[in-house]
Amino acid sequence: MKIILYIVQKEFKQIFRDKGMLRLIFILPIFQLLVLSNAATFDVKNIKVAIVDNSHSMQSRALIEKFQMNSYFAETKLLNSSNEGIEYINKGKTDAVIEIPNKFEKQLKNNNKTSIQVLINAIDGATAGVQNVYIAQIVQQYNQNITLENKNLSSQQNLSRIELIPSFWYNNTLNYKTFMVPGILVLLVTMLTLFLSSMNIVREKELGTLEQINVTPIKKHQFIIGKLFPFWVLGLVILTIGLLIAKLVFNVPMLGNIFLVYLFTAIYLLLILGIGLFISNHTETQQQAMFIAWFFMVIFILMSGLFTPIESMPKWAQNITLFNPIRYFVEFIRMVLLKGAGLQEVLINLSIITAFAITINGLAVWSYRKTN
């Protein structure tokens, strides 16, 4: 035990002597959490829309006014012809073109039915889908107003209607920061501990100090525990700082048991440190370790469910995510913080992470050779 404490003490001194390492550990995660949480949004704003009004009627002007008053549309440009609209969308001057037919008002009065053409730049399919929803909502709202105007009072009373009253649970204001901040915090804790642990032992190899340690009577498990324990502590410190920022800056609700979050994180960090140790055992330079760690991190992040729902992925991709530790942590932290889930609800996540941690650490310790 005393030997482990000496190694831990040596590691902490080494970390705190390196000013660059301190900035990497403490300042960058805070900066990234603040910036990414504000930048990573699913809202589509400042949409540029061009409208071709062939009707020039009171009804068409009322519809155009709806778009001009909507805060999601930054610019509403009026054009003279559909060809001009196509030219605008080809040159990237507008995101969508709406063409109102010349008999718009007449058809509304006679048939109570008409159609308008909407062209949307769909290079970014997800953004185009959201823009289409915004436009459809405005047109639907306009439709309701027209319907009410065309009905007399008696027919309105006889009109059967289904009124939809949504109730949003666990994030009633649909604030994307409430959804994203816990997930980004998971990424930062994972990335930092994985990179630091994977490069730490390799750094000893490069400096030649690993050979000096190997000739000492220090046992393998003492060396590994002493090397990884400081990063386990730093991971929990980063989590604490991140949770404070999430609460104080972004007002993320924390409905669940915070000690459960720490318990899960403590086991999760063992898993990540095990992966880092495994990588360092099979690499000779910090550059190799960084590339391999980054390779796995990109896959883990994109298939974690943070940005894209796992349910929307193909079946084979969903099966791969079953081996992704970030997936379980992202699910866990959202369930506990936002939903107030207890141990029973997240037991499956905790069990899987524990099994992964035992397996990967077993492999990492087995593959570590003191004669390296």
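Couple of notes before you dig in:
- Search result, residues across the range 342-372 that are part of a loop (DSSP other than H, G, I, E, B) and open to solvent by 10 Å² or more (accessible area, probe 1.4 Å): Gly342, Leu343, Gln344, Glu345, Arg369, Lys370, Thr371, Asn372
- Among residues that are at pLDDT below 75, open to solvent by less than 80 Å² (accessible area, probe 1.4 Å) and more than 30 Å from Leu36 (Cβ to Cβ), Ser160 is not included.
- Filter pass, Met199 being assigned to a helix (DSSP H, G or I) and either out of contact with any helix residue (DSSP H, G or I) (no Cβ under 8 Å at 6 or more places or on another chain) or open to solvent by 30 Å² or more (accessible area, probe 1.4 Å) (or both): yes
- In the range 206-219, the qualifying residues are those that are in a helix (DSSP H, G or I) and out of contact with any Asp or Glu (no Cβ under 6 Å at 6 or more places or on another chain), and the one that is farthest from Met297 (Cα to Cα) is Gln212.
- Exactly one residue out of Val118, Val181 is modelled with pLDDT of 70 or more and touching a Gly at 6+ places or on another chain (Cβ under 9 Å), and it is Val181.
- Yes/no for Ile310 being closer than 21 Å to Gly226 by Cα and in contact with a Ser or Thr (Cβ under 7 Å, 6 or more places away or on another chain): no
- Test: residue in the range 36-57 that is closer than 23 Å to Asn143 by Cα, open to solvent by 30 Å² or more (accessible area, probe 1.4 Å) and hydrophobic (A, V, I, L, M, F, W, C): no
- Test: residue in the range 256-276 that is open to solvent by 80 Å² or more (accessible area, probe 1.4 Å) and either modelled with pLDDT under 90 or touching a strand residue (DSSP E or B) at 6+ places or on another chain (Cβ under 7 Å) (or both): no
- Exclusive hit being within 19 Å of the chain's Cα centre (by Cα), on the phi < 0 side of the Ramachandran plot and open to solvent by 40 Å² or more (accessible area, probe 1.4 Å), set Val249, Val237, Val186: Val249
- Hits in the range 277-307 (condition: assigned to a loop (DSSP other than H, G, I, E, B), open to solvent by 20 Å² or more (accessible area, probe 1.4 Å) and farther than 23 Å from Leu337 by Cβ): His282, Glu284, Thr285
- The range 220-268 - residue that is among the hydrophobic types (A, V, I, L, M, F, W, C) and in a loop (DSSP other than H, G, I, E, B) and, of those, nearest to Phe179 (Cα to Cα): Val252
- Sole exception among (1) surrounded by 15 or more Cβ atoms within 10 Å (Cβ to Cβ); (2) free of Cβ contacts under 8 Å to residues at least 24 places away in the same chain; (3) under 30 Å from Thr308 (Cα atoms) for Asp124, by number: (1)
- If only residues of the range 22-31 that are open to solvent by less than 70 Å² (accessible area, probe 1.4 Å) and not aliphatic (A, V, I, L, M) are counted, the one that is modelled with the highest pLDDT is Pro29.
- Scanning the range 211-232 for residues that are among the hydrophobic types (A, V, I, L, M, F, W, C), without any contact (Cβ under 8 Å) to a residue 40 or more places away in the chain and open to solvent by 40 Å² or more (accessible area, probe 1.4 Å) yields one hit, Val215.
- First in the range 50-62 and under 18 Å from Leu119 (Cα atoms), second anywhere and open to solvent by 20 Å² or more (accessible area, probe 1.4 Å) and of a type in the set (Ser, Thr, Tyr), Cβ under 6 Å, 6 or more apart: Ala50/Tyr88; Val52/Ser82
- Of the numbered criteria (1) open to solvent by 60 Å² or more (accessible area, probe 1.4 Å); (2) out of contact with any Phe, Trp or Tyr (no Cβ under 7 Å at 6 or more places or on another chain), the one Lys339 fails is (2).
- Test: residue in the range 315-325 that is free of Cβ contacts under 8 Å to residues at least 40 places away in the same chain, of a type outside the set (S, T, N, Q) and closer than 23 Å to Ala246 by Cα: no
Results for (1) within 18 Å of Asn132 (Cβ to Cβ); (2) buried (at least 16 other Cβ atoms within 10 Å of the Cβ); (3) not hydrophobic (A, V, I, L, M, F, W, C), shown as yes or no for each residue.
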site	(1), (2), (3)
Gln59	no, yes, yes
Ala62	no, no, no
Ala74	yes, no, no
Glu84	no, no, yes
Lys91	no, no, yes
Asn102	no, no, yes
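- Selection status of Gln137, in contact (Cβ under 8 Å) with a residue 60 or more places away in the chain, open to solvent by 40 Å² or more (accessible area, probe 1.4 Å) and of a type in the set (S, T, N, Q): no
The values are calculated or read from the model by the stated rules, or taken from the named source; none is laboratory data. No experiment lies behind these values; they were computed from the predicted model shown. Methodologically, a virtual Cβ is constructed for each residue, glycine included, from the backbone with ideal geometry; neighbour enumeration extends over all protein chains shown. Side chains are part of the model used for accessible areas, which takes the heavy atoms of the whole protein and leaves out ligands, DNA and RNA. Shrake-Rupley method; radii C 1.70, N 1.55, O 1.52, S 1.80 Å.
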